[in-house]
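Read through the structure below, which is laid out as structure tokens, and then see the notes.
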Amino acid sequence: MSSTDESSTRNSPLHKEEEVMNGPGGAGEPDAAAPPSNFSSSFQEALFIFIIGLSQLFSVGGLGNAAYSMQEIGQSLNVTSNGQKSWFLAAYSLCGGVFVLVTGRLGDHFGHKYVFLFGWIWMAIWSLICGFAHDVILFDIARGMMGVGSGALVPNSFALLARAFPPFSIKKNIAFAFLGFCAPSGYIFGGLIGAAFAEKVTWRWGFWFWAVGCLILGMVSIIVVPHRVGCPIPGLSLSQFDYIGSMLGISALVLFSFSWNQASVVGWQEPYTYILLIVSIVLLAGFIFSQSRAAAPVLPNSLWTRKGFSPVVAAMSFGWMSFGIFLYYTTNFILTIRNALPLTAVAEMVPLVIGGFFATASVGLFIAKVPAQYIFGVSMFSFFIGNLLMSFADYSKVYWAFIFPACLLVVGGPDLSFASSGILISNAVLPEEQGVAGSFISTVVQYSISVGLGIAATVEGHVNDGRKLAVLGYRGALWLGIGFAVIGFLIVVLFVRDTRSAPKKGEEIKQKPSSADGVTEDTRA
């Protein structure tokens, strides 16, 4: 996961700012250019890493907080269909994914520390509102606004870690490894909070507790995060910000996901669902056009011309749509088909944490030795095997038969895909494009969960015979997840290649001026 995280902060202005921080010596004079420590003590340094890791825990935990208490929330708000309940997760992922790219850029302008603090406070406010909601529409809106807070936390936490420690340092590797481990653990942590309050008191206290936690962590961040690490990037001006592109992109993505998720509730026969879908496509076309005209585009069109970029993005999208389906329908299966209490459901999905620990450890062991496309392919296979095992879960009442191995194996998908895609993306794009490319991958991850849930809920609604055949509906959604994972795997096998060992432009020609291979490598680079 660390490679994507580091690459998400290396855009051109940040690269220039790092040169200022690290001194003029550059890579050729590492000792002379070694920057002073950004922390006053080792305790502050350790607490900084811990707080940044908790931001990932709370970001992903925002999904689990609602997922395990969805039955109690649904009963309280008079929601019965899975299409409506899927909005509890989809609204959060939708807004989180859409705003990641924009908030990362805002961090460059206003300071990553201050946008990071905004994320904590914003999530606290809307989590509080979620707890007071007595109407499903208000609850869904508040969930979406919580996602905006998550979207502010994610890219700026990556940027803060990348700026706090020297490149390739052991501390930086440890920090990003901890950040990666907090992702799958966050879903269980959030689920534990939501389930405990839903089962013992009321689901509303789960969100109020979340609000208090976010507020406390925000206050601690003010003290722990050094200003020097989180200050604005020098040389940037708000006049350079791509306002038009940001508005067009956000509007297009929101309407596209909304149409799919809402269609699962009211059906495509409702005119506004497909009208909004058409409008989103038109806005997306306008966004693409605006990016070719903007001075500092939020998502430069040149990224799509870089060899290897598009396949990685496509594979990540299909893989994470598959993973979102797995999380939602596995949780729902345990709660409804197995009639488990919320805390029991959390306990049955604890293998996500166990598998996440081993996946994180394996990344450190293999990422430097194995071509990244193999690790990327294994991540897609993990998504596939998790959904496949869960699609057979109703054939046995024994937890260990299908649910346990499904949760244990599927979590290799998120950890391995983050780490391998980071390497692949960083080698595919130019140095000045790495910041926006890394942020876009984070957008793809969260946004894909939202879109995948909308499509899955539509499939479920068409095969469950008016909710009479609940298991068949779940299986239909899980088989859709299997299909998405297979498509992602095929994209990796056919189109994704790790170019770390490939010679850089001109190197091979200098070594072998008469070699045809050298010419080929130079031309390809």
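Since every read-out is calculated from the coordinates, none of them should be taken as a lab result. Bear in mind the structure is a predicted one, so any value in this text is a computation, not a measurement. FYI the Cβ positions are ideal-geometry reconstructions off the backbone, even for glycines, and counts take in every protein chain you see.
For this structure, a couple of remarks:
- Rounded D (µm²/s) - the range 200-334, Kirkwood Rh over Cα pairs, Stokes-Einstein at 37 °C, 0.692 mPa s: 169 µm²/s
- Packing rank of 487-498, 45-56, 127-138, where each peptide gets the mean count of other beta carbons within 10 Å, highest leading: 45-56, 487-498, 127-138
- Diffusion constant of the range 424-497 at 20 °C, which comes from Stokes-Einstein with the Kirkwood Cα-pair radius and 1.002 mPa s, µm²/s: 147 µm²/s
- Computed about its Cα centre, the charge dipole of the chain is approximately 280 debye, with only Lys, Arg, Asp and Glu carrying charge at their Cβ.
- Kirkwood Rh and Cα Rg combined as Rg over Rh, evaluated for the chain: 0.97
- Residue order, fewest to most surrounding Cβ atoms within 10 angstrom, among Lys200, Lys171: Lys200, Lys171
- Near Ala296, no amide H atom lies under 5 Å from its own; only residues 5 or more places off or on other chains count, and H is placed 1.01 Å from N.
- Cα-only Debye scattering, the range 288-397: base-10 log of I(q)/I(0) at q = 0.12, 0.15 Å⁻¹: -0.64, -0.84
- Expected 222 nm ellipticity per residue - DSSP helices of 4 or more, -39500 (n - 2.57), all of the chain, to 500: -25500 deg cm²/dmol
- Rounded to 10°, Cα long-axis angle of helix 170-200 versus longest principal axis of the chain: 10 degrees
- 30 Å Cα-Cα threshold exceeded, pairs from Lys171/Lys369; Lys172/Lys369; Lys369/Lys397: Lys369/Lys397
- Note that the range 413-427 has calculated 3J(HN,Hα) couplings of x, x, 5, 5, 5, 4, 5, 6, 5, x, 5, 5, 5, 5, 8 Hz, one per residue in order, obtained from phi through the Karplus relation 6.51 cos²θ - 1.76 cosθ + 1.60 (θ = phi - 60°); glycine and proline are x.
- Near Pro311, once Lys and Arg are set to +1 and Asp and Glu to -1 for all other residues with Cβ below 13 Å from its Cβ, the sum equals +2.
- Simple rule: put +1 on each Lys or Arg Cβ and -1 on each Asp or Glu Cβ in the range 404-505, find the dipole, and look at Phe418, Gly461, Ile482; the Cα lying farthest toward the positive end is Ile482.
- Shape descriptor for the range 156-195: Rg over Rh equals 1.14 (Cα atoms; Rh from the Kirkwood inverse mean 1/r).
- Sequence of Met146, Met247 once ranked by neighbouring C-beta atoms within 10 Å, starting from the fewest: Met247, Met146
- Backbone HN-Hα couplings from phi across the range 291-301 [Karplus 6.51/-1.76/1.60, Hz, Gly and Pro as x]: 5, 7, 10, 6, 5, 10, x, 6, 9, x, 5
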